[in-house]
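Here is the structure we will look at, set down as structure tokens.
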Amino acid sequence: MKTIFHTALLLVAACSLAACGGDKNAQEYNTVTLTKGSLSTTVTATGTIEPINQVSVGAQVSGIISKIYVDYNSEVKSGQLLAQIDTSLMAAELRSSEASLASAKAEYEYQEKNFARQKSLWEKKLISDTDYESAKYNYDRALSSYNKSQADIVKARKNLGYCYIYSTVDGVVMSRAVEEGQTVASSFNTPELFIIANDLRKMRVIADVDEAEIGEVKEGQRAVFTVDAFPNDTFEGEVTQVRINPTTESNVVTYEVVVDAPNPDLKLLPGLTANVTIYTLDKQGVLSVPVRAFRFNPSGAVAVGQSASNHKTLWLKENNGKLRQVNVTTGVSDGISTEVTSGVKEGDEVVVSVRVKREPEMSSSGQGETNPFMPTPPGGNRNNNKK
């Protein structure tokens with residue numbers, strides 16, 4: 001009975017305070033108006049700009065560079081002569097091969113005729129088997145020597161042709177590694193003489209992405225990047241390849257990501273450092289609400305099951321100030337905002353939180369108790385308690 005009576009008193013007191021304006025704290029709702037915008041998440045990396053197709057032109061024979069016909073930045077065509085190696089040694093080897101070929105041919109023709117005669121006599125039993133076999137042996141040797149001389153002269157002609165260095169593609173000379181009079185040696189490897197970029201209007205960025213973020217990067221994603229040479233310009237690109245070959249440096253594992261970088265105005269130069277932003281999530285023109293809106297509950301209880309699926313609940317504020325609960329379907333999220341695909345429309349006011357507005361307390365009219373430790377206002381009656 002005491003409990004029921006006590007509860008009744010509390011209810012009466014609460015009603016009395018509300019009726020008399022005793023509740024000096026009023027609730028107000030923080031809302032956001034739904035508008036269409038963008039949702040995005042990004043991965044950042046640094047990389048180097050380079051041509052999509054660049055060709056290294058080298059020398060296949062050793063010798064002294066006698067003439068160079070191009071320089072840095074020279075525009076070249078496929079088949080154009082770039083440089084020349086001294087041909088005197090290769091020309092002498094060609095003449096020697098030609099002489100050897102002539103001698104081998106003469107020997108071959110003689111042994112061929114001799115073998116034909118010896119074979120005819122052997123078939124008639126006019127010579128011994130030894131003489132026949134000797135004639136056949138000499139013929140086979142002459143034929144082999146003649147074939148070798150023919151191969152040697154092809155090689156000598158090729159080597160003489162290799163003294164002339166031609167471009168294999170249309171493009172621009174990026175690098176020239178030799179000077180006239182310099183000796184190049186190609187005994188063990190092909191020395192690099194020129195590097196030619198096929199088309200500087202088609203560039204790419206090789207970006208190093210950290211292992212913690214590489215799982216989010218996919219081919220076809222949009223990318224933007226800047227370079228220090230043009231700090232006010234932003235360049236557009238697209239991820240064309242994610243290379244699975246890792247690179248480890250100072251215990252940091254990165255993966256190379258290739259970003260296509262069109263360069264129609266030729267601003268981008270090979271070797272520039274690019275600061276790349278890859279959009280792993282990029283949706284435009286979508287309705288989205290702050291993630292915290294799904295946690296709002298006017299009763300003050302914590303919303304349960306809001307993240308279990310893409311079917312969630314929001315509270316809308318109507319024109320009359322009342323709240324209405326709606327069920328919505330959600331899409332992607334960037335961690336701050338979540339896409340809403342159905343259940344609401346543009347212009348709706350979604351409640352995200354509630355705040356308490358504190359009304360200022362009315363000043364005392366003189367009735368009631370005063371604090372004796374507070375200073376008395378100027379002009380006040382200090383002896384108002386005296387009779």
Candidate set: the stretch 314-344, residues that are farther than 25 Å from residue 38 by Cβ and assigned to a loop (DSSP other than H, G, I, E, B); chosen: the one farthest from the chain's Cα centre (by Cα): 320
Test result for residue 34, open to solvent by less than 70 Å² (accessible area, probe 1.4 Å), in contact (Cβ under 8 Å) with a residue 60 or more places away in the chain and under 30 Å from residue 226 (Cα atoms): no
Residues within the stretch 345-362 that are assigned to a strand (DSSP E or B) and at pLDDT below 65, tallied: 2
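For every residue, the table says whether it meets (1) open to solvent by 40 Å² or more (accessible area, probe 1.4 Å); (2) of a type in the set (Ser, Thr, Tyr); (3) at pLDDT below 90.
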residue	(1), (2), (3)
25	yes, no, yes
43	no, no, no
50	yes, no, no
64	yes, no, no
Yes/no for residue 29 being among the aromatic types (Phe, Trp, Tyr), at pLDDT 95 or above and either exposed (fewer than 14 other Cβ atoms within 10 Å of the Cβ) or more than 30 Å from residue 254 (Cα to Cα) (or both): no
Selection count, the stretch 139-186, where residues are outside any helix (DSSP H, G or I), touching a residue at least 60 places away in the same chain (Cβ under 8 Å) and closer than 25 Å to residue 62 by Cβ: 20
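Residues are listed down the side, and each one gets a yes or a no for (1) surrounded by fewer than 12 Cβ atoms within 10 Å (Cβ to Cβ); (2) part of a loop (DSSP other than H, G, I, E, B):
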residue: 220; (1), (2): yes, yes
residue: 226; (1), (2): no, no
residue: 236; (1), (2): no, no
residue: 239; (1), (2): no, no
residue: 242; (1), (2): no, no
residue: 245; (1), (2): yes, no
Some residue of the stretch 42-59 being in contact with a helix residue (DSSP H, G or I) (Cβ under 9 Å, 6 or more places away or on another chain) and in a loop (DSSP other than H, G, I, E, B): yes
Single match in 125, 136, 119 (criterion: open to solvent by 70 Å² or more (accessible area, probe 1.4 Å), outside any helix (DSSP H, G or I) and either farther than 30 Å from residue 166 by Cβ or at pLDDT 95 or above (or both)): 125
The listed residue being modelled with pLDDT under 85 and either open to solvent by less than 50 Å² (accessible area, probe 1.4 Å) or farther than 13 Å from residue 30 by Cα (or both), out of 298, 375: 375
Evaluation of residue 271 against (1) open to solvent by 90 Å² or more (accessible area, probe 1.4 Å); (2) within 17 Å of residue 48 (Cβ to Cβ); (3) outside any strand (DSSP E or B) (one fails), failing number: (1)
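The values are calculated or read from the model by the stated rules, or taken from the named source; none is laboratory data. Everything numeric here is computed off the predicted structure, so don't read it as measured data. Every residue, glycine among them, receives a Cβ derived from its backbone with ideal geometry; neighbour counts consider all protein chains shown. These area figures cover heavy atoms from the full protein model, side chains too; ligands, DNA and RNA do not enter into them. Shrake-Rupley method; radii C 1.70, N 1.55, O 1.52, S 1.80 Å.
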